[in-house]
Amino acid sequence: MADLGTLEELPQDYRDDMTAAGVAPLWPMMRNVLPHGQPKPVTKPGHWAYDAVRPLLLRAGELTPVEKAERRVLVLSDPGRGPGAMCATPSIYLGMQLLLPGETAPAHVHTPSATRIIVEGKGGYTVVDGEKLPMEEGDLVLTPGGDWHDHGHEGDEPVVWLDALDLPLFVYLEGSYAIEGPLQAQRNRPDASQVEYLSAGLVPSRLRGAPRKYPMTRFPWARTEAALRQMAAYGDGLPELDYVNPETGQDVLPTMGFTAMMIPAGATDRPPVRSTSAAFHVVRGRGTTTVNGEKIAWGPKDTFTAPVFSEITHQAEEESFLVRIHDRPLQEKLGYYEERAR
Ligand SMILES: [Fe+2]
């Protein structure tokens, strides 16, 4: 590899003149933006134990008024970028949100897509595009970019969910904004996961009109777990299920992908090195994950992350169910998704 020199090696007057002209020399800095072989991520593995986050979140409930309920979120900041970083990986924002009984979050719409994985509590719901989605533990609920949504809580205990958004991309593109509006009128019927898309392999007849762009915005955990268990009982290897749009078979969102995983007690999962960054949410279980040699001991409801091109090994102590949030859909669209054997 050719030695491209350093900025400091250039004459000071030349550097000053370049600065005055608003230009910079590529050659000493090229390896910062085009490293050899694979990226050099800024992102570091993160681990947020729910036992540590939960009391802080409940305290936030005491400190913030009901009007701020929609923003009562603790952001999970990438350790590589430091405290206050508004992302957990370069493409994924994660936050833990608390909604207390009786609270609502006003309706709004924004350019980034948001998703929730319900962590604890009963009675919470999200209304997406007029459809009321119950939020039960482990459910995946989508609020795709451009879809109106609001939240409410009809139960009597705190509800906590994990928000995952493609916000960092929109911030980078200077494309992130929201519009607020009045609460939506709700359709008087169960959500699409209980009506049109109750059964895998069956979709409403095309004669009934064009499907919505995001036809199913809630994926009930009970069905996901049942499917994983059945695969574990009869399939080869460790079961994984991708969440897809039932009309197209494509990923549920343009940029973010979701994969449900089951790792039986005592089993080890050693996936290939992937070009994607990833966040793992533990729906249930306990185990250890090694990310590039760094050991993360996780328990129920914990969340942890891995940078792009990580060597990841999961070991489950107990029967474990995880949801992997990743950016494969984005990378496939950009044409560089890659897996490397270990
Ligand atoms: Fe939102």
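Miscellaneous remarks
- Counting only alpha carbon atoms, the long axis of helix 50-63 and the longest principal axis of the chain meet at about 80°.
- Among A185, A107, A60, residue whose mean-square fluctuation peaks in a GNM of the chain (springs only between Cα atoms under 10 Å): A185
- Mean-position separation - Cα centroids, the range 254-302 and the range 1-68, in angstrom: 25
- Heavy-atom accessible surface of the chain: percent carbon and sulfur, 1.4 Å: 55
- Using only alpha-carbon positions in the chain, the gyration tensor eigenvalues give semi-axes of 36, 25, 22 Å once each is multiplied by 5 and square-rooted (largest first).
- Highest-fluctuation residue, V42, V291, V141 considered, GNM on the chain with Cα pairs under 10 Å: V42
- In degrees, nearest ten, helix 12-21 long axis to first principal axis of the chain (Cα): 50
- Average accessible area per residue (Å²) across the chain - probe 1.4 Å, nucleic acids and ligands excluded: 49
- Each residue of the range 154-171 was assigned a 3J(HN,Hα) from its phi angle through the Karplus expression (A = 6.51, B = -1.76, C = 1.60, θ = phi - 60°), giving 9, x, 10, 9, x, 10, 10, 9, 9, 8, 10, 10, 8, 3, x, 5, 6, 5 Hz with x at Gly and Pro.
- Helix 221-234 and the longest principal axis of the C-alpha atoms of the chain enclose an angle of approximately 80°.
- Taking every C-alpha pair closer than 8 Å and separated by at least 6 residues, the mean separation divided by the residue count of the chain gives a relative contact order of 16 percent.
- Cut-off under 5 Å, modelled amide H: who pairs with D147 long-range: H110
- Computed on the Cα trace of the range 14-164, the radius of gyration divided by the Kirkwood hydrodynamic radius gives Rg/Rh = 1.14.
- With contacts taken as Cα pairs under 8 Å and at least 6 residues apart, the range 146-283 reaches a relative contact order of 16 percent.
- In Hz, Karplus ³J(HN,Hα) per residue of the range 270-282 (6.51, -1.76, 1.60; θ = phi - 60°; x = Gly, Pro): 10, x, x, 5, 10, 6, 7, 7, 8, 10, 10, 10, 8
- Calculated FRET efficiency for the pair D51/N188, C-beta based, R₀ 35 Å, to 0.05: 0.30
The values are calculated or read from the model by the stated rules, or taken from the named source; none is laboratory data. Quick caveat, the model's predicted, so the values are computed rather than measured. Cβ: placed from backbone, ideal geometry, glycine included. Neighbour counts: every protein chain shown. Side chains included, ligands, DNA and RNA excluded: accessible areas come from the protein's heavy atoms. Shrake-Rupley method; radii C 1.70, N 1.55, O 1.52, S 1.80 Å.
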